[in-house]
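Down below is the structure, laid out as structure tokens.
The values are calculated or read from the model by the stated rules, or taken from the named source; none is laboratory data. Bear in mind the structure is a predicted one, so any value in this text is a computation, not a measurement. As a convention, Cβ positions derive from the backbone with ideal geometry for all residues, glycine included, and neighbour counts pool all protein chains shown.
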């Protein structure tokens, strides 16, 4: 990841540049359900982002966010057919809950 930024306030300006690489936060789904009613398909899931990526306070580029995110979702309903020409309509709905990890700087 390569991040560049600049800020200008009147005659004052500041440029910043930072890089980071590595594995980001990992998302897993301990719950995912899907059911059908003819061509209508419904589903629900519960995703969790774990703060596994690297994070340093004050650094411009971080591979992680340093907090847990809980993402219950309702990706359906969707309609579709098994015909060669497939048409699909989906209405997604999600609620994202974010919790601070309160990590201690300098701790590895």
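In this structure, does residue 105 turn out to be modelled with pLDDT under 75, under 25 Å from residue 1 (Cα atoms) and outside any strand (DSSP E or B)?
Against the criterion (modelled with pLDDT under 75, under 25 Å from residue 1 (Cα atoms) and outside any strand (DSSP E or B)), residue 105 qualifies.
Collect the residues in segment 53-102 that are under 26 Å from residue 32 (Cβ atoms), loosely packed, with under 14 Cβ neighbours inside 10 Å and modelled with pLDDT of 80 or more, keeping them in residue-number order.
Passing the criteria: only 70.
If I ask for residues that are in a loop (DSSP other than H, G, I, E, B), free of Cβ contacts under 8 Å to residues at least 40 places away in the same chain and touching a strand residue (DSSP E or B) at 6+ places or on another chain (Cβ under 6 Å), which ones from segment 16-61 would you list?
Result: 52, single match.
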